[in-house]
Amino acid sequence: MDTQRSSLVLVSKSPTETLRIGGRLGAGLRGGDCVALRGELGAGKTCLTQGIACGLGVPDGYAVASPTFTLINEYSGKKIALFHLDVYRLTGDADLEEIGYREYLGRGGVLVVEWAEKISGSIPDRALWVTLSYLDEYVRRIELTDTPERIGFWKAILTPIITGCFE
């Protein structure tokens, strides 16, 4: 059964804003959520994930980096773990079984998948899709796609950032 989807578009004017947007997303994510990231190389996927880690309460001492060669990194948050998966080097869905992808989906943490379009058939139907695209050197268009109810939630939680009122 297809899940109805809606979108919310944000514009980040700097890496700092992208981190703040990620922080708000992380604060609103729940155990078992999946965030599917897509965008060109250097579009800000890892920067957004660093913000998500902050919002989940991953300690500042952890260097959240793209797990391009290790494929997956695990970080302990205050209440929820972050599983950061980078599928750039995978050839498709079949490679997921080798890294235990299904097990990560069931572990109760938040799973963030970079290059998720490569495995779109294996991303949960109710995942939050985030598409990052260049507008110029530092400015990014960030489109969130989720269920209509969750888009309403994201709009409310991101309003301080959308209106430029940073806490």
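Taking the chain as a Gaussian network of alpha-carbon nodes connected by springs under 10 Å, the highest mean-square fluctuation of the residues LEU48, LEU135, LEU25 belongs to LEU135. Per-residue packing, averaged as other Cβ atoms within 10 Å, sorts the ranges 55-65, 76-86 into the order 76-86, 55-65, beginning with the highest.
Suppose only helical runs count, i.e. DSSP H with n ≥ 4. What mean residue ellipticity at 222 nm does that imply for the chain under -39500 (n - 2.57) per run, divided by all residues and rounded to the nearest 500 deg cm²/dmol? Walk me through the numbers before you get to the answer.
Working: 5 runs with 50 residues, N = 167.
Estimated from H runs of four or more residues: -9000 deg cm²/dmol.
The C-alpha atoms of region 9-140 occupy a region whose extents along the principal axes are 38, 32, 27 Å, arranged from largest to smallest.
Shown is the FRET efficiency for ALA65 and ASP95, computed with R0 = 25 Å from the Cβ-Cβ distance and rounded to the nearest 0.05: 0.75. Here the extension length gained between GLU40 and LEU135 equals 33.0 nm, from 0.36 nm per residue of separation less the Cα-Cα distance. The mean sequence distance of close C-alpha pairs (under 8 Å, at least 6 residues apart), as a share of the length of region 9-140, puts its relative contact order at 35 percent. Note on LYS45: lysines with a C-alpha under 21 Å away, same-chain residues under 8 apart excluded, are LYS13, LYS118, LYS155.
No value in this document is a laboratory result; all are computed from the given coordinates. Everything numeric in this text was worked out from a predicted model, so none of it was measured. Please note: Cβ atoms are built from the backbone with ideal geometry, for glycine as well, and neighbour counts cover all protein chains shown.
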